[in-house]
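Read through the structure below, which is laid out as structure tokens, and then see the notes.
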């Protein structure tokens with residue numbers, strides 16, 4: 001049975017999601033963010049991290065059809081591969097992430113709500129207790145395909 005380590009993330013909406021162990025590279029509390037005019041409502045902010053502008057995608061806002069929170073308390077910086085380049089994006093988080101060991105026996109189907117949106121942003125899903133936890137496709141989230 002295959003087993004992997006993941007980071008359990010809790011979004012500002014209380015929704016639990018996960019990423020692979022090596023995808024989360026940094027955690028920032030009280031980040032200084034900059035607004036981008038005319039950007040989509042769920043992705044209006046960036047932050048400066050290691051001399052790069054990193055987009056902040058408010059996944060909870062996107063799922064709820066709302067605008068991003070004005071000043072996230074905590075953001076995670078996540079790495080993903082786009083073509084042959086490692087790229088970074090940030091997600092607002094409600095609490096500090098926790099590590100989980102996940103195996104094939106925890107697999108389950110993605111939640112159907114909200115309106116099938118999980119299929120657009122998640123590879124698969126696992127159970128953590130009684131919760132379904134979608135595993136995020138960071139490349140898809142930060143590629144601009146959801147804008």
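Read-outs throughout are calculated quantities, based only on the coordinates presented, and are distinct from any laboratory measurement. Nothing here was measured: the structure is a model prediction, and the numbers come from that model. Every residue, glycine among them, receives a Cβ derived from its backbone with ideal geometry; neighbour counts consider all protein chains shown.
Here is how the numbers come out for the structure above:
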| quantity | calculated |
| --- | --- |
| Residue list for the stretch 44-62, restricted to those being buried (at least 21 other Cβ atoms within 10 Å of the Cβ) and within 12 Å of the chain's Cα centre (by Cα) | 56, 57, 58, 59, 60, 61, 62 |
| Number of positions in the stretch 27-43 that are within 14 Å of residue 146 (Cβ to Cβ) and either crowded, with 18+ Cβ neighbours inside 10 Å or in contact (Cβ under 8 Å) with a residue 40 or more places away in the chain (or both) | 3 |
| Given (1) over 16 Å from the mean Cα position of the chain (by Cα); (2) closer than 18 Å to residue 138 by Cα, index of the condition residue 31 fails | (2) |
| Residues of the stretch 65-78 classified as touching a helix residue (DSSP H, G or I) at 6+ places or on another chain (Cβ under 7 Å) and either in a strand (DSSP E or B) or in contact (Cβ under 8 Å) with a residue 60 or more places away in the chain (or both), total | 1 |
| Residue, surrounded by the fewest Cβ atoms within 10 Å (Cβ to Cβ), within the stretch 93-147, restricted to residues that are within 19 Å of residue 41 (Cα to Cα), in contact (Cβ under 8 Å) with a residue 60 or more places away in the chain and in contact with a helix residue (DSSP H, G or I) (Cβ under 7 Å, 6 or more places away or on another chain) | 146 |
| Number of the exception - residue 81 against (1) touching a strand residue (DSSP E or B) at 6+ places or on another chain (Cβ under 6 Å); (2) assigned to a strand (DSSP E or B) | (1) |
